[in-house]
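A.B. asks: This is the structure, below, for whatever I ask next.
What follows is calculated from the coordinates using simple rules that are stated; it is not laboratory data. On a predicted model such as this, the values are computed, not experimentally measured, just so you know. No Cβ is skipped: glycine too gets one built from the backbone with ideal geometry, and neighbour counts run over all protein chains shown.
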Number of protein chains: 2
Amino acid sequence: MKRSFIREILESIDENTISFAGGLPNEALFPLKDLQEATTKIFKDANVLQYSLSNGIKSLRQKIANEYTNEGFETTVDNILITTGSQQAMYIIAKYFESKAITIEEPSYLGAMNIFRLNALFMESVKLEDDGIELEGFEKSFQKTKLAYLIPDFQNPFSSTYSDEKRAMVAKIVKTEGGILIEDAPYRELYFDKKHSTISSLIPNQSFHLGSFSKTLAPSLRIGWIRASQELIQSLLVIKESIDLHSCGISQYILDEYLSNDENYKKHLNNLRKNYKIQMEFFAQTLQEELPQFHFSKPKGGMFIYGNLDTNTSELVLKAIKEKVVFVPGSEFYNEHKRYNEIRFNFTHSTIDEIKEGIQRIKNLLVMK
Amino acid sequence: MKRSFIREILESIDENTISFAGGLPNEALFPLKDLQEATTKIFKDANVLQYSLSNGIKSLRQKIANEYTNEGFETTVDNILITTGSQQAMYIIAKYFESKAITIEEPSYLGAMNIFRLNALFMESVKLEDDGIELEGFEKSFQKTKLAYLIPDFQNPFSSTYSDEKRAMVAKIVKTEGGILIEDAPYRELYFDKKHSTISSLIPNQSFHLGSFSKTLAPSLRIGWIRASQELIQSLLVIKESIDLHSCGISQYILDEYLSNDENYKKHLNNLRKNYKIQMEFFAQTLQEELPQFHFSKPKGGMFIYGNLDTNTSELVLKAIKEKVVFVPGSEFYNEHKRYNEIRFNFTHSTIDEIKEGIQRIKNLLVMK
């Protein structure tokens, strides 16, 4: 199996390359001081360094559970499993459903597709539209697979968001068919205007809801979680335990301490949303002015702008790397029916100057062509 | 599949129970202050919170590589893969060898056996002796499997250590057969008198050598590593990436900072060895005085005393839990040919008083019987 194009790119490009490729949060917005302060408080006793529970430390699970309950999705500590990033959450669930068939969006998250391949899941792709998955295709596929992997909030890479109607319809189909939904929501808190309610809350016993602190706080903590019925969580625990016994304790204690000041986190999230919206608007405007041949809809949150133009982007990216600018060609995000004229741009990790300069370099390439 | 007996025990016993069950290091010996101090130094810039490389941060890999090179086992950063504990190292390798046959020691590490089951490896057990695996049986099995999982240093649970002769013979067999050795060495630094050289250094391109900071520094960091040929490391990377993208960054930076003061770590290890030896000697002496019917050899390092007595220990442990003392019955460590009269005692995690009282409680149970 091939490694992830994005991870390989991250490891190979030099520091002079402007990267619109990764899904990196903006380091300038990390709450470095607050996290450092939280860290100084965790070394109260030696237990912070000892082995801990496989499902995660209880007070952190409690805080995550409270968030769900506060938005009307009743959740207890026993519904939460702490994972080593959302990536591991996906891996554990994929391992649990090993060799089964699964309905996915098209395009979809590359990391998840690699995990599905590694665990011999057979993927059936259904077209993604601007307001969510194409429903007729979804129903037809789900009747066979009884298992779906969807990213309803600011999808990676497509950047679309499910309408409330489609959320309700997806839940209804999952319910009717007696299947299971894996709802991946790492970007959910990164909305510009409105937080959507989860699909999982409509089918609490037939869903995994995946969350992460990687996009909202700091990826290096490697802390994500799964919200599911107590029964499903218990089924996953034996896999979680086999993979790494438990997720990093230090990270969990830092997070637990940081989140105990609720106002800090709220302020931080608002700051993130405000700044990412500014970055997105600037990126979108520059694209419209400099690359009018690139067609896209502005996202309502998340980290990506996705669109298409009249050129083979898998070839374009190789030339772009030489010109020291990089993005991910859309073909990477398809399991079948690959499209070769699409691009995913990350807008969160570049400065205003880099956005200008990077798009200019792509423009020059297209002119040269 | 059943969850690990030990993990379940850890989650269910109350604080009044004396536990000789887990493989927990002694919290009183954690270098809490030094690790806290290292932690305050890592928040120099925001990169410490960002995504990082899948194989681990380079300067930490360099330090681990240097350790091998210093003992004559030439190793570079490209030979090292940082993992989320040694447990994940095992998982990644097992996934890589999915559905193959593997030669293991009997008894063997429970966590590894669970990982092998989860990845459909067929285990063939060969008897472990006081100076290492029974060689004739090993050769016969390895000729078929071409893959072995061994714990040569202070084995868990058996507490035995391979002689230099057996190390050389195992290496020779692996070489002759063109197979692969997985050498798991989490306890290697916890020697009382003498550090043995690795088997892997005799077969550098046909081995995985697994190390961990969980037993020597702090389990909650969840940092272990694999030492292997660059080619084998590259093959594992796609699996590592799928499982959790990379191991906790914060932990890696803390470790890297802590290890940059080489004297600190050396002093700490010496202190650990000295104290664990005292704890082992006291545990052994108390067993000899209070439970003379329990037969065992004193270990030369590690965390466990292993032995047998004339009673069904899988039944005894259930009574013991009620009397608020717990150990792991030997049967847990066998994949086949289970033995029901053996016990693994952990000696590192109990105080002198707890050792006295815990063994007394077991003695009372045996008298009542």
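A.B. asks: Within 10 Å, count the other beta carbons around each residue, average over each peptide in A:105-111, B:26-32, and list them highest first. Could the numbers behind the result be given before it?
C.D. replies: Working: A:105-111: 23.4, B:26-32: 17.1.
The most tightly packed comes first, giving A:105-111, B:26-32.
A.B. asks: Tell me the label-point distance for the pair B:Lys324, B:Asn270, using the 7 Å Cα-to-Cβ offset, in nm and rounded to one decimal.
C.D. replies: The two pseudo-label positions are separated by 4.0 nm.
A.B. asks: Can you give the FRET efficiency to the nearest 0.05 for A:Ala168 and B:Ser260, using r as the Cβ-Cβ distance and R₀ = 51 Å?
C.D. replies: Values: r = 56 Å, r/R0 = 1.09.
Taking R0 as 51 Å, the efficiency between A:Ala168 and B:Ser260 is 0.35.
A.B. asks: While we're here: What are the residues whose amide H is under 5 Å from the amide H of A:Glu129, where those residues sit 5 or more places off or on another chain and H is modelled from the backbone?
C.D. replies: Residues meeting the amide H criterion: A:Glu134.
A.B. asks: Per residue of segment B:207-214, what does 6.51 cos²θ - 1.76 cosθ + 1.60 with θ = phi - 60° give for ³J(HN,Hα)? Whole Hz please, x for Gly and Pro, Karplus curve as stated.
C.D. replies: Working through the residues one at a time gives 8, 10, 10, 9, x, 7, 9, 5 Hz.
A.B. asks: Would you mind calculating the gained length between A:Thr351 and A:Asn205 on full extension (0.36 nm times residue separation, minus the Cα-Cα distance), in nm to one decimal? Display every interim value, and only then the final one.
C.D. replies: Values: separation 146, 0.36 × 146 = 52.56 nm, distance 4.30 nm.
Gain on extension, A:Thr351 to A:Asn205, equals 48.3 nm.
A.B. asks: Once you have the Cα-Cα distance between B:Gln234 and B:Ala101, take 0.36 nm times their residue separation minus that, and quote the gain in nm to one decimal.
C.D. replies: Numbers: separation 133, 0.36 × 133 = 47.88 nm, distance 2.23 nm.
Full extension of this stretch gives 45.7 nm more.
A.B. asks: In µm²/s, what is D for the protein assembly as shown at 25 °C and 0.890 mPa s, where D = kT/(6 pi eta Rh) by Stokes-Einstein and Rh is the Kirkwood radius from Cα pairs?
C.D. replies: Values: Rh = 27.0 Å.
The diffusion coefficient I find is 91 µm²/s.
A.B. asks: Let me confirm one metric for peptide A:218-227, namely the mean number of other chain beta-carbon atoms within 10 Å of its residues' beta-carbons. Intermediate values should be presented prior to the final figure.
C.D. replies: Numbers: counts 7, 7, 16, 5, 12, 2, 1, 0, 0, 0.
Mean inter-chain Cβ contacts per residue within 10 Å come to 5.
A.B. asks: Now for a separate question. Which lysines have a Cα lying under 20 Å from the Cα of B:Lys267, excluding residues fewer than 8 positions away in the same chain?
C.D. replies: Filter leaves B:Lys33, B:Lys63, B:Lys194, B:Lys195, B:Lys215, B:Lys277, B:Lys300.
A.B. asks: Which one of B:Ser141, A:Ile82, B:Gly56 is farthest out on the positive end of the charge dipole of the protein assembly as shown, using unit charges on Cβ (Lys, Arg +1; Asp, Glu -1) and the Cα centre as origin?
C.D. replies: Selected residue: B:Ser141.
A.B. asks: Another one. Can you put A:Ile64, B:Ile223 in order, fewest other beta carbons within 10 Å first? Show your work: numbers first, answer last.
C.D. replies: Values: A:Ile64 23, B:Ile223 30.
Taking fewest neighbouring Cβ atoms as first place, the list is A:Ile64, B:Ile223.
A.B. asks: Classify chain B from the C-alpha gyration tensor, please: rounded if a/c falls under 1.5, else prolate or oblate depending on whether a/b exceeds b/c.
C.D. replies: Numbers: a/c = 1.71, a/b = 1.24, b/c = 1.38.
Here chain B falls in the oblate category.
A.B. asks: Can you classify segment A:1-155 as rounded, prolate or oblate using the Cα gyration tensor, where a ≥ b ≥ c are the square roots of its eigenvalues, rounded means a/c under 1.5, and otherwise it's prolate if a/b beats b/c and oblate if not?
C.D. replies: Working: a/c = 1.86, a/b = 1.32, b/c = 1.41.
It is oblate, given that a/c is not under 1.5 and a/b is not larger than b/c.
A.B. asks: Hey, how much of the P(r) for segment B:50-261 falls beyond 23 Å, as a percent of Cα pairs?
C.D. replies: Working: 9179 of 22366 pairs.
Within segment B:50-261, distances greater than 23 Å cover 41 percent of Cα pairs.
A.B. asks: Using a simple charge model, +1 on the beta-carbon of Lys and Arg, -1 on the beta-carbon of Asp and Glu, nothing else, what dipole does segment A:51-261 show about its Cα centre, in debye to the nearest 20?
C.D. replies: Numbers: 21 positive and 27 negative charges, 96 e Å.
Magnitude of the dipole: close to 460 debye.
A.B. asks: Of all DSSP beta bridges in chain A, what percent run antiparallel (nearest 5)? Don't jump to the answer; show the numbers that get you there.
C.D. replies: On the way: 20 of 38 bridges.
Rounded to the nearest five, the antiparallel share is 55 percent.
A.B. asks: Can you spot the lysines whose alpha carbon is less than 23 Å from B:Lys140's alpha carbon? Ignore those fewer than 8 places along the same chain.
C.D. replies: Within reach: B:Lys100, B:Lys127, B:Lys166, B:Lys172, B:Lys175, B:Lys338.
A.B. asks: Per DSSP H run of at least 4 residues, take -39500 (n - 2.57); add these up for chain B, divide by its residues and hand me the 222 nm value, nearest 500 deg cm²/dmol.
C.D. replies: Details: 12 runs with 160 residues, N = 369.
So the helix-based figure for chain B works out to -14000 deg cm²/dmol.
A.B. asks: Would you mind ranking B:Val328, B:Val174 so that the residue whose beta carbon has the fewest other beta carbons within 10 Å leads the list? Mind showing how you got there, number by number?
C.D. replies: Details: B:Val328 28, B:Val174 25.
Fewest-to-most ranking of B:Val328, B:Val174: B:Val174, B:Val328.
A.B. asks: Can you tell which of A:Tyr334, A:Ile42, A:Leu236 lies farthest toward the positive end of the dipole of chain A, using +1 and -1 charges on the Cβ of basic and acidic side chains (Lys, Arg; Asp, Glu)?
C.D. replies: It is A:Leu236.
A.B. asks: Right, next: How far apart, in nm, are two points set 7 Å out from the Cα along the Cα-to-Cβ line at A:Glu281 and at B:Glu136?
C.D. replies: About 8.2 nm, to one decimal.
A.B. asks: Taking only C-alpha pairs under 8 Å that are 6+ residues apart, what is the relative contact order of segment B:50-261 in percent? Don't skip to the answer; put the middle values down first.
C.D. replies: Details: 388 pairs, mean separation 55.9, N = 212.
This gives 26 percent for segment B:50-261.
A.B. asks: How long are the semi-axes of the equivalent ellipsoid of segment B:96-158, defined as square roots of 5 times the Cα gyration tensor eigenvalues? Whole Å, largest first.
C.D. replies: 18, 15, 8
A.B. asks: Taking the beta-carbon count within 10 Å as an exposure proxy, list A:Ser207, A:Ser331 from fewest neighbours to most.
C.D. replies: Values: A:Ser207 24, A:Ser331 17.
Result, fewest neighbours first: A:Ser331, A:Ser207.
A.B. asks: Modelled label-to-label distance, B:Ala28 and B:Lys298, 7 Å Cα→beta-carbon offset: nm?
C.D. replies: It is 2.0 nm.
A.B. asks: Counting only other chains, what is the mean number of Cβ atoms within 10 angstrom of the Cβ of each residue in peptide B:38-49? All intermediate terms of the calculation are to be shown ahead of the outcome.
C.D. replies: Numbers: counts 0, 7, 4, 0, 2, 8, 2, 3, 11, 3, 7, 13.
That average works out to 5.
A.B. asks: Indicate the gyration tensor shape class of segment B:98-223 (rounded, prolate or oblate), computed on the Cα atoms with a ≥ b ≥ c the square roots of the eigenvalues: a/c under 1.5 is rounded; otherwise a/b larger than b/c is prolate and the rest oblate. Kindly include the intermediate steps, with their values, before the conclusion.
C.D. replies: Values: a/c = 1.58, a/b = 1.20, b/c = 1.31.
The shape class here is oblate.
A.B. asks: Hey, another quick one. At a threshold of 8 angstrom on Cα-Cα distance, excluding pairs fewer than six apart, so keeping six or more, what relative contact order does chain A reach in percent?
C.D. replies: Numbers: 676 pairs, mean separation 87.6, N = 369.
Answer for chain A is 24 percent.
A.B. asks: Hey, if you drop one equal point scatterer on each alpha-carbon of segment A:288-369 and run the Debye formula without solvent, what base-10 log of I(q)/I(0) do you get at q = 0.17, 0.23 Å⁻¹?
C.D. replies: Ignoring solvent entirely, the Cα scatterers give -0.67, -1.27.
A.B. asks: Tell me, in nm to one decimal, what length is gained between B:Lys127 and B:Gln360 on full extension, where the rule is 0.36 nm per residue of separation less the Cα-Cα distance? Don't skip to the answer; put the middle values down first.
C.D. replies: Values: separation 233, 0.36 × 233 = 83.88 nm, distance 3.17 nm.
Extra length from B:Lys127 to B:Gln360 when fully extended: 80.7 nm.
A.B. asks: Residues in segment B:315-349 near a label at B:Asp14, defined as backbone nitrogen under 18 Å from the 7 Å Cα→Cβ point?
C.D. replies: Counting only backbone N, you get B:318-327.
A.B. asks: Applying the Karplus parametrisation 6.51 cos²θ - 1.76 cosθ + 1.60 with θ = phi - 60° to the phi angles of segment B:279-287, what ³J(HN,Hα) value in whole Hz is obtained for each residue in order, glycine and proline being reported as x?
C.D. replies: The phi angles translate into 5, 5, 4, 5, 4, 5, 5, 5, 4 Hz.
A.B. asks: Here's another thing I want to ask about it. Can you give the mean number of other chain Cβ atoms that lie within 10 Å of the Cβ atoms in peptide B:89-96? Intermediate values should be presented prior to the final figure.
C.D. replies: Values: counts 1, 3, 6, 1, 0, 1, 5, 0.
That works out to 2 on average.
A.B. asks: Follow-up question, since we're still on this one. Which distance in Å, rounded to a whole number, links the C-alpha centroids of segment B:292-369 and segment A:43-62?
C.D. replies: Rounded to whole Å, the Cα centres lie 27 Å apart.
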